[in-house]
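For reference, the structure discussed in these notes is given below.
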Number of protein chains: 2
Amino acid sequence: MRIAFPKEAPPETRVTLTPTVAAKFATLGAAVRLEAGLGAPLGFSDDAYREAGAEVVPKEGLLEGAEAVVRLNPLREDEARALPAGAVVVGLLDPFRNLGAVRALAERGVSALCMELIPRTTYAQKMDALSSQASLAGYAAVVLAAERLDKVLPMMSTPAGTIAPARVFVVGAGVAGLQAIATAKRLGARVEAFDTRPVVEEQVRSLGAKFVKIDVGETGQTAQGYATALTTEQLERQRQGMAKVCAASDIVITTAQVFGKRAPLLLTEEMVAGMRPGSVIVDLAAATGGNVAGTVAGEEVVKRGVRLVGLTNLPGAVARDASQMYAANVYNLIEHLWDRAQGRVVLRLEDEVTSACLLTHEGAVRHAGVRELLESL
Amino acid sequence: MRIAFPKEAPPETRVTLTPTVAAKFATLGAAVRLEAGLGAPLGFSDDAYREAGAEVVPKEGLLEGAEAVVRLNPLREDEARALPAGAVVVGLLDPFRNLGAVRALAERGVSALCMELIPRTTYAQKMDALSSQASLAGYAAVVLAAERLDKVLPMMSTPAGTIAPARVFVVGAGVAGLQAIATAKRLGARVEAFDTRPVVEEQVRSLGAKFVKIDVGETGQTAQGYATALTTEQLERQRQGMAKVCAASDIVITTAQVFGKRAPLLLTEEMVAGMRPGSVIVDLAAATGGNVAGTVAGEEVVKRGVRLVGLTNLPGAVARDASQMYAANVYNLIEHLWDRAQGRVVLRLEDEVTSACLLTHEGAVRHAGVRELLESL
């Protein structure tokens, strides 16, 4: 089976394949063909991929005869239509917002394996690109905030007096939030965290952070492990509880996303204005609407001295590791689907992973939620 | 005694006085007068200083009647000439390179207390601004490098495989180097360090870093605790030993300065070229000529994919804490010199601290090395 790896468009610095993972595909028996220069953003030469058993070709002809195509970022509609009919495509497809492309994939008869829909089971963890990238985003958010902050994170005892540790507030203790907590603790900050799911309190505390308790009434999490959306009243109570913590914090990192929906607004303009000049907010939900009033997706803005970071590709800040993780996630998925006898991916709908992440197949959109959105257009 | 605090010129973000330290001066009995807007870069309002007992005035008239003036950055010659005749001035005066201003200070009859010349004794540590700022520079260098690096610093064990820790090489284990080591270790990096002074090996190892041994023959340190300059041959042997470590490192931080002299060149162009694309070098000696071939003082440049950071004010990256430390260092010096009966600074040449740091006094340049340089002009 020939698997094609096109380059991602700049400013993306992550790549879909490393020479190490290319060698694993070769061992599996796949014929890997990648676009020339794919590894350049990370300094991987075409020769490094060739040595790993891959074929390197120019953009023209890359997709010819390809039975599978691996991408990272969501495809544009025209890219979806240019895929070989009937091929398998793997990628972070942004299925709820990129509806034109989803329709095009279905119409093209493409079997789209959507990395966002990998089930959150123990077995599938090794394929879970959302988690691997979110974890790196959590790390990158803290390092970025530390670099922008006008003070150090650790306590320092000096002959001229003691420097107090920075206070970091992490809102949302999912994969990204937990890694942010761990990184801020590593750097010596005093860390507080909040999440609407009381079940994560123990995880937060095991990392050495304080769990902020705000009584918002009944909450829960979905079967997929995401926090359920709060009511308007619950959100208001939550904001009041958070305002005080924000005002005392040097860094706030928000990570609250609701899968398939706009991110909830957690920090109002007033709460941002209550923070001291020089403090830093990193809004990891900027790409899906933002948790913070005033965040601009893809940008950094300063309001009354408070820096609002809305950069949307924080995993890309640690592109080397993010690429290694993403390539491994994709490899693990393909290996899972691989039929050694046939030497190719075979999609079996009774398989739990396949069933969950197969977004389009044989001309149809298989995910009910996405299908409903498409029908409502 | 009236002490005046002029604003520092942008892009400096550090300030010479915080409201907390202003209150300490008031308690001491000093009449503090500062330039309006002095604290603005850190969000300290003029009112915050007034509440601490200070007087806030416009630039015009600030120096009128001032018997002492506190600065941070080296004075320009015209600024030196504008000081009240016979006044005391305190600051980081860059005495070996800022000779025109030193002569002007002497001619003006100013008693210049040079913060770089504070003796490195246990007693004087609380006044040691070079050390307080260097320590913060060491922290900032690592955080800055981590933010620029294309990978994470800690090892991460994930379901999709293990991310190796970044390798950080710190050259020069003085105050800045030791703080850089500590910060990189905090972040989970694998840290190696080198210094020509074997005495620091134990300090390096106590921070959890590996001490790189390179036999360069006999070396030593000055009475002030600085490394003595190496011979040309010693430098060459040192470079060869370091080249291998550099090539394996993701981040290199160089901190080698020789007081009053140009910084030694430690990383050649070839050594930089031997590092992988995406790696980061921070040259903390950039302001005094640089330890790294290709460093541009005050800038960041990328050569064959390797980022060379030559920013010259890294303490300014954590300006809040750097200001707190500097203001405390200056306060501690002035408090040491304070005569409670007279309510003013009294300079006694038999005092060890005064004798060491009094650069100009009663029309003369007191420091022999600086005087020689001036006479050779």
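The values are calculated or read from the model by the stated rules, or taken from the named source; none is laboratory data. Since we're looking at a predicted model, the values are computed, not measured. Here the Cβ is made from the backbone with ideal geometry for all residues, glycine too, and neighbour counts use every protein chain on show. The area values use the complete protein model at the heavy-atom level, side chains included, leaving out ligands, DNA and RNA. Shrake-Rupley method; radii C 1.70, N 1.55, O 1.52, S 1.80 Å.
Out of the range A:15-36, which residues are open to solvent by less than 20 Å² (accessible area, probe 1.4 Å) and either farther than 18 Å from A:Asn329 by Cβ or part of a loop (DSSP other than H, G, I, E, B) (or both)?
Passing the criteria: A:Val15, A:Thr16, A:Leu17, A:Thr18, A:Ala30, A:Glu35.
Answer yes if at least one residue in the range B:161-180 is touching a residue at least 24 places away in the same chain (Cβ under 8 Å), at the interface with chain A (Cβ under 9 Å from one of its Cβ atoms) and either within 19 Å of the chain's Cα centre (by Cα) or not in a helix (DSSP H, G or I) (or both), and no otherwise. First the steps, then the outcome.
Pass one, the range B:161-180, residues touching a residue at least 24 places away in the same chain (Cβ under 8 Å): B:165-180.
Then drop every residue that is not at the interface with chain A (Cβ under 9 Å from one of its Cβ atoms), which leaves B:179.
Checking which are either within 19 Å of the chain's Cα centre (by Cα) or not in a helix (DSSP H, G or I) (or both) leaves us with B:179.
Yes, the conditions are met somewhere in the range B:161-180.
Restricting to the range B:193-202, what's the tally of residues that are out of contact with any helix residue (DSSP H, G or I) (no Cβ under 6 Å at 6 or more places or on another chain) and in contact (Cβ under 8 Å) with a residue 24 or more places away in the chain? Give the steps one after another, and end with the answer.
Pass one, the range B:193-202, residues out of contact with any helix residue (DSSP H, G or I) (no Cβ under 6 Å at 6 or more places or on another chain): B:194-202.
Add one more test, that the residue is in contact (Cβ under 8 Å) with a residue 24 or more places away in the chain, and what stays is B:194-197, B:200.
Summing the residues that are out of contact with any helix residue (DSSP H, G or I) (no Cβ under 6 Å at 6 or more places or on another chain) and in contact (Cβ under 8 Å) with a residue 24 or more places away in the chain in the range B:193-202 gives 5.
When A:Pro198 is evaluated against the numbered criteria (1) away from every other protein chain (no Cβ under 14 Å); (2) at pLDDT 95 or above, which criterion, by number, is the only one it fails?
(2)
Right, B:Glu55: closer than 21 Å to B:Val345 by Cα, of a type in the set (D, E, K, R) and surrounded by fewer than 17 Cβ atoms within 10 Å (Cβ to Cβ) or not? Show your work before the answer.
On the way: closer than 21 Å to B:Val345 by Cα: yes; of a type in the set (D, E, K, R): yes; surrounded by fewer than 17 Cβ atoms within 10 Å (Cβ to Cβ): yes.
Judged against the criteria, B:Glu55 is a match.
Considering (1) in contact with a helix residue (DSSP H, G or I) (Cβ under 7 Å, 6 or more places away or on another chain); (2) at pLDDT 95 or above; (3) more than 10 Å from every other protein chain (Cβ to nearest Cβ), say which one B:Leu377 fails and leave the rest.
So the condition that B:Leu377 fails would be (2).
All but one of (1) under 21 Å from the mean Cα position of the chain (by Cα); (2) open to solvent by less than 40 Å² (accessible area, probe 1.4 Å); (3) in contact (Cβ under 8 Å) with a residue 40 or more places away in the chain; (4) more than 14 Å from chain B (Cβ to nearest Cβ) hold for A:Met242; which doesn't?
(1)
Restricting attention to the range B:63-91, which residues are among the charged types (D, E, K, R) and over 23 Å from B:Ile118 (Cβ atoms)? Break it down into steps so the answer makes sense when it comes.
Pass one, the range B:63-91, residues among the charged types (D, E, K, R): B:64, B:67, B:71, B:76-79, B:81.
The answer is B:Glu64, B:Glu77, B:Asp78, B:Arg81.
Report yes if some residue within the range A:318-335 is more than 30 Å from B:Ala166 (Cα to Cα), surrounded by fewer than 21 Cβ atoms within 10 Å (Cβ to Cβ) and within 14 Å of chain B (Cβ to nearest Cβ); otherwise report no. Write out each step before concluding.
Of the residues in the range A:318-335, the ones more than 30 Å from B:Ala166 (Cα to Cα) are none.
No: zero hits.
Of all residues in the range A:343-360, which are touching a residue at least 60 places away in the same chain (Cβ under 8 Å) and open to solvent by 30 Å² or more (accessible area, probe 1.4 Å)?
Selection gives A:Arg344, A:Leu347, A:Glu352, A:Ala356.
Go over the candidates B:Leu83, B:Leu72 one by one and state the one that is away from chain A (no Cβ under 14 Å), farther than 15 Å from B:Val330 by Cα and not in a helix (DSSP H, G or I). Lay out the reasoning, then the answer.
Values: B:Leu72 fails: farther than 15 Å from B:Val330 by Cα.
Going through B:Leu83, B:Leu72 in turn, just one is away from chain A (no Cβ under 14 Å), farther than 15 Å from B:Val330 by Cα and not in a helix (DSSP H, G or I): B:Leu83.
Within the range B:312-344, count every residue that is more than 23 Å from B:Arg14 (Cβ to Cβ) and under 25 Å from the mean Cα position of the chain (by Cα).
We begin by selecting, within the range B:312-344, every residue more than 23 Å from B:Arg14 (Cβ to Cβ); these are B:338-344.
Applying the additional criterion that residues be under 25 Å from the mean Cα position of the chain (by Cα) yields none.
So the answer is 0.
Pick from the range B:138-160 the residues that are over 30 Å from B:Thr312 (Cα atoms) and within 7 Å of chain A (Cβ to nearest Cβ): which of them is surrounded by the most Cβ atoms within 10 Å (Cβ to Cβ)? Spell out the reasoning first.
Within the range B:138-160, the first condition is being over 30 Å from B:Thr312 (Cα atoms), and the residues that meet it are B:155-160.
Okay, now just the ones that are also within 7 Å of chain A (Cβ to nearest Cβ), so B:158-160.
Details: B:Thr158: 19, B:Pro159: 17, B:Ala160: 21.
Once the filter is applied, the top-ranked residue is B:Ala160.
Give the range A:296-311 a look and list any residue that's surrounded by 16 or more Cβ atoms within 10 Å (Cβ to Cβ), under 18 Å from the mean Cα position of the chain (by Cα) and without any contact (Cβ under 8 Å) to a residue 60 or more places away in the chain, or say none.
A:Gly310
Restricting attention to the range B:269-285, does a residue exist that is open to solvent by 60 Å² or more (accessible area, probe 1.4 Å) and either out of contact with any Ser or Thr (no Cβ under 7 Å at 6 or more places or on another chain) or within 13 Å of chain A (Cβ to nearest Cβ) (or both)? Reasoning before the result, please.
We begin by selecting, within the range B:269-285, every residue open to solvent by 60 Å² or more (accessible area, probe 1.4 Å); these are B:269-270.
Filter again for either out of contact with any Ser or Thr (no Cβ under 7 Å at 6 or more places or on another chain) or within 13 Å of chain A (Cβ to nearest Cβ) (or both), leaving B:269-270.
Yes, there is a match, as at least one residue in the range B:269-285 is open to solvent by 60 Å² or more (accessible area, probe 1.4 Å) and either out of contact with any Ser or Thr (no Cβ under 7 Å at 6 or more places or on another chain) or within 13 Å of chain A (Cβ to nearest Cβ) (or both).
Give the range B:181-195 a look and list any residue that's within 14 Å of chain A (Cβ to nearest Cβ) and either open to solvent by 10 Å² or more (accessible area, probe 1.4 Å) or of a type outside the set (A, V, I, L, M) (or both), or say none.
Within the range B:181-195, B:Ala182, B:Thr183, B:Lys185, B:Arg186, B:Gly188 qualify.
I'm told A:Glu77 meets every condition in (1) crowded, with 16+ Cβ neighbours inside 10 Å; (2) more than 14 Å from every other protein chain (Cβ to nearest Cβ) except one. Can you identify the failing condition by its number?
Of the numbered conditions (1) crowded, with 16+ Cβ neighbours inside 10 Å; (2) more than 14 Å from every other protein chain (Cβ to nearest Cβ), the odd one out for A:Glu77 is (1).
What is the number of the single condition among (1) at pLDDT 90 or above; (2) over 30 Å from A:Leu42 (Cα atoms) that B:Thr255 does not meet?
So B:Thr255 meets the others, but not (2).
Within the range A:108-123, restricting attention to residues that are farther than 19 Å from A:Val88 by Cα and not β-branched (Val, Ile, Thr), which residue is most open to solvent (accessible area, probe 1.4 Å)? Spell out how you get there, then give the answer.
First pass over the range A:108-123, keeping only residues farther than 19 Å from A:Val88 by Cα: A:120-123.
Of the ones still in play, those that are also not β-branched (Val, Ile, Thr) are A:120, A:123.
Working: A:Arg120: 97, A:Tyr123: 114 Å².
Step by step, filter the range A:108-123, then rank; the result is A:Tyr123.
Under 7 Å between Cβ atoms, at least 6 apart or on separate chains: pull out the pairs that start in the range B:17-29 with a residue that is more than 22 Å from B:Gln342 (Cβ to Cβ) and in contact (Cβ under 8 Å) with a residue 40 or more places away in the chain and end on any residue that is open to solvent by less than 10 Å² (accessible area, probe 1.4 Å) and in a helix (DSSP H, G or I).
Within 7 Å, the pairs are B:Leu17/B:Ala327; B:Thr18/B:Ser323; B:Thr18/B:Ala327.
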